[in-house]
Structure formats: structure tokens, C-alpha cells
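Worksheet: one structure, shown below.
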Amino acid sequence: MSDSPSTVSQVCSRFHRAIELIGSRWSGAILQTLLQGRSRYGAIKAAIPDLTDRMLSERLRTLEGENLLLRIVVPESPVRVEYELTPKGRELQDALKEIGAWAERWIPLEDDSTSKSTGTESKARKRTPLRHARKTKHV
């Protein structure tokens with residue numbers, strides 16, 4: 001086995017853009033919420049704790065601009081606005097399902113008593129131990 005570092009291929013720009021898009025804060029949660037079906041603004045906001053109006057509006061505009069969701073104006077009195085995933089947005093379902101399964105295995109639930117008592121946690125407490133250390137081959 002050689003001691004020289006292995007070569008690593010460049011990250012695909014499409015992959016990088018996709019990860020940045022769905023990985024933006026709140027975007028994944030919004031998409032996950034809309035996978036349940038067409039929703040109104042208030043229902044989306046209620047489904048995602050700590051999401052502000054400003055961030056929800058911004059993310060909805062971004063996701064609409066990327067053709068992942070539609071903003072549907074229902075002409076009633078008063079006017080009702082709903083959001084629905086496009087076919088392009090619905091195609092993320094399998095990927096988001098896999099991310100959710102991974103999260104179930106690897107991301108611990110936050111300790112409610114810690115976060116409520118101080119509002120923050122120390123960095124040491126937030127860190128989780130590495131479950132599987134990378135195995136190296138010794139020659």
C-alpha cells in the first residue's frame with residue numbers, strides 16, 4: 001500500500017448546487033412538509049418550529065424560483081394562497097426519505113430540559129461521539 005495521498009475527484013457542480021439548495025436552512029423542512037400535500041403558509045409555519053415569517057417567505061420564493069413548488073392563489077374572499085410541490089419538487093421524496101432514515105440512525109434528539117433551561121447548550125454537550133471511527137490499514 002502506498003503512503004501517498006489518494007486522488008480525489010472534483011465535486012460535480014450539479015450535485016453541489018442541489019445540496020446547497022435543499023440543504024439551505026429550512027428548505028429541507030419546507031419540502032418535507034409540502035410532501036404531505038398542498039398547504040397554506042400558516043400550516044407550513046406551524047409545522048416547522050422556530051421558523052420565522054421572513055425566512056419562510058424567503059425560502060418559499062427561492063424554492064418557487066427553482067421550480068420546486070408552485071404558489072397557488074385561490075380567488076376567494078379573502079384571497080387564499082397555497083403552496084404545492086411541482087413534479088420536480090416531488091422527485092425529491094426518495095432523497096428526503098433516505099436523509100430522514102439516516103437522521104433516525106445518527107442524529108440524537110435534543111434534550112428538551114437542556115435547551116429549555118438555558119436556551120443554548122455548550123459546544124461540548126452538542127457534540128456527539130464518533131460512532132464508527134475510520135478504519136485504517138496498518139502495514
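The values are calculated or read from the model by the stated rules, or taken from the named source; none is laboratory data. Treat the numbers as computed from the prediction; the structure is a model and nothing was measured. Here Cβ is always computed from backbone atoms with ideal geometry, including for glycine, and neighbour counts include all displayed protein chains. Just so you know, the surface numbers come from the protein's heavy atoms only, side chains and all, with ligands and any DNA or RNA stripped out. Shrake-Rupley method; radii C 1.70, N 1.55, O 1.52, S 1.80 Å.
Observations
- Residue in region 99-113 that is in contact with a Lys or Arg (Cβ under 6 Å, 6 or more places away or on another chain), surrounded by 10 or more Cβ atoms within 10 Å (Cβ to Cβ) and not in a loop (DSSP other than H, G, I, E, B) present: no
- Of all the residues in region 75-87, those that are of a type in the set (A, V, I, L, M, F, W, C) and at pLDDT below 95 number 1.
- Selection of first residues in region 66-95 that are closer than 17 Å to R40 by Cα and among the aliphatic types (A, V, I, L, M) and of second residues that are modelled with pLDDT under 95 and open to solvent by 80 Å² or more (accessible area, probe 1.4 Å), restricted to Cβ pairs under 8 Å at least 6 apart or on distinct chains, gives the following pairs, ordered by first then second residue: V73/V79.
- Screening I22 on (1) of a type outside the set (F, W, Y); (2) touching a residue at least 24 places away in the same chain (Cβ under 8 Å); (3) closer than 16 Å to Q93 by Cβ; (4) open to solvent by 90 Å² or more (accessible area, probe 1.4 Å) shows it passes everything except condition (4).
- Here is the figure for region 22-68: residues that are at pLDDT 95 or above and part of a helix (DSSP H, G or I) total 28.
- When the criteria are applied in full, Q10 fails the requirement of being in contact (Cβ under 8 Å) with a residue 24 or more places away in the chain and either among the charged types (D, E, K, R) or open to solvent by 50 Å² or more (accessible area, probe 1.4 Å) (or both).
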